[in-house]
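Enquirer: Pasting a structure here, questions to come.
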Amino acid sequence: MTKTNENIKVDMLAPEKPVNKERPAKKAKTSMKTSLQGKVTKNMVLLGLLLFAFVILYPLFWMVVSSLKSYDEIYNNVWGLPSVWHFENYATAWSMGISGYFFNSLFVTLSTIVLVVMIGSMAAFTLSRYKSRWIDVALIFTIGGIMMNPQVALIPLFELLTWLDLINTHWALILTYVAYRLPLTIILIRAFFLSIPKELEESAIIDGCSEFGIYARIYLPLSIPIIVTTIVLTAYFAWNEFMFATVFIDSDVLKTIPSGLMNFRDALRTDWGVLLAGMVIATIPMVILLVFLQRYLVRGLSEGSVKG
Amino acid sequence: MARRNRIVPILFILPSLLFLGIFIYMPLIQNFYNSFFDFSVFSPTKEFVGFSAFEQLFGDKIVMTALINNIKYAIISVVFQVAFALVLATILEDKLFRRIAPMLRVVYFIPVMISISVIALLFNFIYNPQMGLLNSFLELIGLGNLAVPWLGNATTSIYAVIAMSQWQSIGFITMLFIVAIQKIPKELYEAADIDGAGKIRQFFSITVPQVKETLFVNMLITITGSMLVFNEPYILTNGGPGTSSMTMSVYMYQQGFFKDNMGYASAVATLIFVVTAIFALIQIKVSGTGKDE
């Protein structure tokens, strides 16, 4: 498993190794015709790549630009820049409810992260250090959790949370988010724990370190890279989750951003600029996360789904 | 030492087993159980009805429509998100595009990070029949006669929903392929270069066989995701107009929380589970999740 950890280092922003300058000189030997053909193909492919980038970026650019327009301008001047830049759309969106949704999302996301990392790393510790038939069963139980999906559990969870009197509380989201993030988190952290050399803990035991000490003083500090990965993955999930957030929380005051935006849309009807401003605000934290921690995110996504 | 070894592991793993048991496994069993009863959110008791929900399920035309939509979703997603993403990843990893590739990777990945409700609201603007970007673009390039109310039209609604999903998710699968391609030994391509194999030949003879496993897992992820899809159709069309863009999950939600047929909704959920569990089992088997090195 360590092997995979080392290999996955896609850094989307980092410039890659400089191209070896000597290569083109060697290629000059090939006939003029093929190199011309190659150039044409290369430029056409490049054009295709840029066109696709435009298709991805333009709607987002439009969202940001239109969030600064008035309703009339969005409707009548779809493509143009705003004639008057309505920066107050952001203030309006923030004060009309987005701030509440934002802090609800923040609370739910942070609580989920803390619980997932704590509970997950503890379970991973047991699953990586001990061997017995019961540990094997627990491991299968954990892995099996990956194949269960929230859609199928929606109605029973609704019944359960109603019975626990947790519907319409943030705990309805936190507890279910934690549960559905645990299997993947445990598998990722356990794989990392397995790579920690046994000699480290043996010498710690000789020095009188307790089991808990081994977990807290050796395993956790050494595993910070994989823990950052699980934090990023959990943040991404909890910030964007929509279905549970819609079904389990009815009260507008308690809604998180994804479900809150739907209320926001219904309340605004024609105030499109303000709605778009709210959408941009909802997006900003994730884009910041992507820019700063993308390396961890990519590793988590690829190890979580593809174990080659 | 021996006693310590026995208590700590149990204490450490107990919370996670409880979470999994209560919030993942129990609901699953409860869902099977619920499929045999007729009840509503507010009814104090559940009435046992045996297999009647399943009989109803197999005669239900809307379930059929939903299932077909899910299958369309899966087929189109496999073509775009898996086949196209593999080509895209190969091009991005080619040394010809080394300068621009890091920037493009970020660009293609941005929509993956954005909440589905933001994306869906944005596409509501794009598909809007009066001021929408799509229709005004078609008019701009002289194809105005192709403009339709994409979401309000029963023949186009499901495709409009699927198209949005492709737009959002292609960067994700591309990134998984990039990671896989980076693990391919460079010597293979160098040897092929010397032998005079062209890019297309290299793609089919080196890249595809080397990322075979990733390719298969990505296909399974995509298919499973397509069978479960809820957010996109729910926000964009709520399954409409009529039932034209219904998917199994949206139908389950509507039956349960809108029409309050909780028992029947559970039977739909059971069908969803059976369909997706098959693919999930194959995925666990193939990817060897949890296997020790």
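Enquirer: Report D for the range B:190-293 in µm² per second (integer): Stokes-Einstein, Kirkwood Rh on Cα pairs, 4 °C, 1.567 mPa s.
Expert: 77 µm²/s
Enquirer: As I understand it, the dipole of chain A uses +1 on the Cβ of Lys and Arg and -1 on the Cβ of Asp and Glu, about the Cα centre. Which of A:I113, A:L188, A:M262 lies farthest toward its positive end?
Expert: The residue sitting farthest along the positive end of the dipole is A:L188.
Enquirer: Along the charge dipole of the protein assembly as shown, which of B:A191, A:I206, B:M113 sits closest to the positive end, that is, farthest toward it, with unit charges on the beta carbon of Lys, Arg, Asp and Glu (+1, +1, -1, -1)?
Expert: B:A191
Enquirer: Distance cut-off 31 Å, Cα to Cα: go down the list B:K72/B:K259; A:K198/B:K212; A:K42/A:K69; B:K46/B:K285 and report the pairs above it.
Expert: Too far apart for the 31 Å limit: A:K198/B:K212; A:K42/A:K69; B:K46/B:K285.
Enquirer: Of the accessible area of the protein assembly as shown, with the probe set at 1.4 angstrom, what percent is carbon plus sulfur?
Expert: Looking at the protein assembly as shown in its full context, I get 68 percent from C and S.
Enquirer: Shifting gears a bit: Return the single residue from A:V298, A:V114, A:V55 with maximal mean-square fluctuation; model: Gaussian network over chain A, springs between Cα atoms under 10 Å.
Expert: Residue with maximal mean-square fluctuation among A:V298, A:V114, A:V55: A:V55.
Enquirer: Now for a separate question. Ordering A:R299, A:R265 by accessible area with a probe of 1.4 Å, largest first, what comes out?
Expert: Descending order: A:R265, A:R299.
Enquirer: Between the range B:219-293 and the range A:264-305, what is the separation of their alpha carbon centroids in Å?
Expert: Using only Cα atoms, the two centres lie 24 Å from each other.
Enquirer: Sort the following peptides by mean Cβ neighbour count (other Cβ atoms within 10 Å, averaged over residues), highest first: B:208-214, A:159-165.
Expert: Per-residue mean Cβ counts within 10 Å order the peptides as B:208-214, A:159-165.
Enquirer: Moving on to the next point. Per q in 0.08, 0.11 1/Å, what log10 I(q)/I(0) does a Debye calculation on the alpha-carbon atoms of the protein assembly as shown return?
Expert: Ignoring solvent entirely, the Cα scatterers give -0.62, -1.15.
Enquirer: How high is the relative contact order of chain A, given as a whole-number percent (alpha carbon pairs under 8 Å, six or more residues apart)?
Expert: Rounded, it is 32 percent for chain A.
Enquirer: Quick check: from the Cα gyration tensor, does chain B come out rounded (a/c under 1.5), prolate or oblate?
Expert: In terms of gyration-tensor shape, oblate.
Enquirer: About the Cα centre of the range A:246-299, how large is the charge dipole given +1 on each Lys and Arg Cβ and -1 on each Asp and Glu Cβ? Please answer in debye to the nearest 20.
Expert: Computed about the Cα centre, the dipole is about 320 debye.
Enquirer: Quote the charge dipole size of the protein assembly as shown about the Cα centre in Debye, to the nearest 20; the model charges only the Cβ of Lys and Arg (+1) and of Asp and Glu (-1).
Expert: 2180 debye
Enquirer: Give me the accessible area buried between chains B and A, both sides summed, with a 1.4 Å probe, in Å² rounded to the nearest 100.
Expert: 9700 Å²
Enquirer: Per residue, what accessible area does the protein assembly as shown have, given a 1.4 Å probe and all protein chains present, in Å²?
Expert: Per-residue accessible area for the protein assembly as shown comes out at 46 Å².
Enquirer: Straight distance only, please: which aspartates and glutamates reach the Cα of B:K183 with their own Cα at less than 19 Å, same-chain residues fewer than 8 apart left out?
Expert: Excluding near neighbours in sequence, the set is A:E6, A:D11, A:E16, A:E303, B:E93, B:D94, B:D193, B:E213, B:E293.
The values are calculated or read from the model by the stated rules, or taken from the named source; none is laboratory data. Quick caveat, the model's predicted, so the values are computed rather than measured. All Cβ positions, glycine included, derive from the backbone under ideal geometry; neighbour counts span all protein chains shown. The protein model used for the area step is the full one, side chains on, heavy atoms only, and it has no ligands, DNA or RNA in it. Shrake-Rupley method; radii C 1.70, N 1.55, O 1.52, S 1.80 Å.
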